[in-house]
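First comes the structure, then the notes that go with it.
Bear in mind these aren't lab numbers, they're just calculated from the coordinates by the rules spelled out. All figures in this text were calculated on a predicted structure; none of them were measured in a lab. Here the Cβ positions follow ideal geometry from the backbone for every residue, glycine too, while neighbour counts run over all protein chains shown.
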Amino acid sequence: MLKKSMLWSIAFLLVLSLSGVFLYDKPTAWALPPGTPSKSTAQAELNSLTVQPEGSMTGYSRDKFPHWIDQGGGCDTRQVVLKRD
């Protein structure tokens, strides 16, 4: 028969080993995705963009895109994209 102190030692080692699995076996989370440019690089790229004046809407009609209106479940495309992103 095992002594009480021996049982406590085994229980402690078991808990310690299991906590290591749960604490250290998780993937590391990064604040930024790989390849994210520095702030100065991003600012330089943004500054190089040309903003065009608003163009004519001639020829555009929402009626040409009926499949964008309802995405099922009472959601339109905007709601689906917001939920996804």
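Summary of computed values
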{"item": "Distance between modelled label sites at Leu49 and Gln71, nm, 7 Å Cα→Cβ extension", "result": "2.2 nm"}
{"item": "Cα gyration tensor shape of the range 42-81, rounded if a/c is under 1.5, else prolate or oblate by comparing a/b with b/c", "result": "oblate"}
{"item": "Sites Met57 and Gln79, calculated FRET efficiency, Cβ-Cβ separation with R0 30 Å, nearest 0.05", "result": "0.80"}
